[in-house]
1. Quick check on the range 282-431: take the gyration tensor over C-alpha atoms, sort the square-rooted eigenvalues as a ≥ b ≥ c, and tell me if it's rounded (a/c under 1.5), prolate or oblate.
2. Keeping all protein chains in place and using 1.4 angstrom, which order do 388, 202, 310 fall into by accessible surface area, from largest down?
3. Note the full-extension length gain between residue 371 and residue 302 as 0.36 nm times their separation in residues minus their Cα-Cα distance, in nm to one decimal.
4. In square angstrom, rounded to the nearest 10, how much accessible surface does residue 182 have for a 1.4 Å probe?
5. Please list 205, 210 in order of solvent-accessible area, largest first, computed with a 1.4 Å probe with all protein chains present.
6. What is the range 416-472 by shape, rounded, prolate or oblate, if you read a ≥ b ≥ c off the alpha carbon gyration tensor as root eigenvalues and call it rounded for a/c under 1.5, prolate for a/b larger than b/c, and oblate otherwise?
7. Once P(r) over Cα pairs in 10 Å bins from 0, in percent is worked out from the coordinates, which option in [x] 4, 18, 21, 18, 15, 11, 7, 4, 2, 0, 0; [y] 4, 19, 28, 25, 15, 6, 1, 0, 0; [z] 4, 17, 29, 29, 15, 5, 1, 0 does it equal?
8. Evaluate the distance, in nm, between pseudo-label points positioned 7 Å from the Cα of residue 453 and of residue 403 along their respective Cα→Cβ axes.
Amino acid sequence: MERSEAYGFSGAMSGAFLLSCLLFAAVSRRQRGPYMDEVFHVPQAQAYCHGRFLQWDPMITTLPGLYLVSVGLVKPAAWLLGWTGSVVCSVGMLRFINLLFSAGNFYLLYLLLFKIHHKNKAVSGFQRILSTLILAMFPTLYFFTFLYYTDPGSVFFTLFAYLMCLYGNHKTSALLGFCGFMFRQTNIVWTVFCAGNVVAEKLNEAWKTELQKKKDEKVSSKKGSFSDLTRILQFLIKYLISPKNLFTLTSLTWPYITLVIIFFGFVFINGGIVVGDRSSHEACLHFPQLFYFLSFTVFFSFPHLLTPGKIRKFLLSLRKHPVQYSLITIISLFLVWKFTYVHKYLLADNRHYTFYVWRKVFQRHELVKYVLVPFYIFAGWTFTDTLKSKSIFWILMYFVCLLAVTVPQKLLEFRYFILPFLIYRLNIPFPSMYRQLLELAFYIIVNAVTFYLFLNRTFRWENSDEIQRFMW
């Protein structure tokens with residue numbers, strides 16, 4: 001990092017942290033007590049603070065990583081600074097843990113952007129800092145910096161594991177992946193993603209060697225063609241049935257394999273992936289979740305994905321491959337018809353964006369969910385098109401992980417999209433400065449509106465005296 005870039009990064013990170021501290025003070029002043037899921041998380045962390053490690057709230061569905069880290073940070077700080085009484089493990093103190101995770105995420109996002117795009121000499125230090133600031137202010141993640149939720153810590157350990165994987169420190173990466181798993185069980189998918197990075201790199205090297213042998217350089221440039229896909233699948237099968245290749249891949253990824261084995265052992269002993277209350281977190285094949293994620297990504301990355309050039313390119317692709325797109329449309333319509341699920345929380349809880357999206361869009365008419373299929377197809381195309389700089393094996397591996405982390409979820413919850421979105425956004429080519437600034441301005445507006453609604457537009461339910469606040 002050059003000196004000017006170091007100064008710029010330090011200024012951006014300090015400014016972002018100062019702004020977060022001001023927002024943190026406003027949130028803590030307006031909402032002093034636990035709110036929403038904090039009602040479960042805060043008492044559980046406080047029980048751990050008092051040494052009651054066997055006490056467990058059955059309504060909590062995640063492992064105790066957040067509470068263990070909180071106690072590990074707060075207790076030594078209280079001892080060093082002489083804090084006593086109710087201030088130790090208070091609501092404000094516990095929320096502050098996520099503010100620290102947010103600062104850590106800022107630094108990790110910068111390091112990841114630097115590592116992933118280090119070969120692109122055209123990218124300036126200012127662009128890296130600007131992209132880091134944009135991703136750190138990603139609205140769905142940024143909001144939960146100020147509440148005692150698992151999201152900032154979950155993102156921190158997962159991004160840290162990904163960074164260590166890219167640097168080849170796979171034992172450290174698997175250990176950090178275990179920490180991420182302790183925050184949210186579905187993070188095991190991103191451990192598989194880290195292993196997949198290693199596998200994809202080896203496959204890409206072997207694929208290039210295969211092409212060189214056949215002197216068929218054109219094949220690698222036709223990622224979208226059916227013949228190319230068939231050839232790649234044949235190559236995959238041939239490569240993976242080789243004992244020598246399997247031994248090489250296993251020797252490289254054994255730390256991740258060990259963690260996955262531990263995960264399956266946990267699922268077997270626990271009787272499922274969910275800890276505590278399972279009635280509201282039943283796994284199912286909810287394939288439209290992939291369509292919702294793609295739409296979510298287009299919405300938050302519209303300066304890059306929803307451009308006139310992209311639309312023209314998509315229409316040209318549509319004209320050139322009508323049979324493939326017709327088949328995709330039929331499959332998509334079938335998936336929407338047979339695999340759309342509506343969680344009871346989605347219909348009942350009017351404190352979330354998803355409630356209004358579902359009511360204002362999907363519940364307007366029974367046919368709306370089918371009418372949106374062409375947009376889903378465009379979203380999927382433009383999403384994949386921005387990843388064309390990655391190898392075909394990386395893309396296949398990412399989509400497998402994306403399906404694994406979204407499809408089993410019955411509840412439409414934007415928080416579940418945070419990690420797949422960030423990993424996608426980290427890996428696309430750097431956009432122009434204008435588009436980055438437009439994206440940053442959009443994130444600032446969305447955050448400002450969300451915080452305004454949360455802090456100032458409170459309301460009450462008919463059957464409750466508690467103040468309700470609007471949130472993600």
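The values are calculated or read from the model by the stated rules, or taken from the named source; none is laboratory data. Please read all numbers here as calculations on a predicted model, not as lab measurements. Glycine gets a Cβ as well: all are built from the backbone with ideal geometry, and neighbour counts include every protein chain shown. Calculation scope for accessible area: heavy atoms of the full protein, side chains included, ligands and nucleic acids excluded. Shrake-Rupley method; radii C 1.70, N 1.55, O 1.52, S 1.80 Å.
1. Note, shape of the range 282-431 comes out prolate.
2. 388, 202, 310
3. Contour length minus Cα-Cα distance gives 22.8 nm.
4. Result for residue 182: roughly 40 Å² accessible.
5. From most accessible down to least: 205, 210.
6. oblate
7. [z]
8. 3.3 nm
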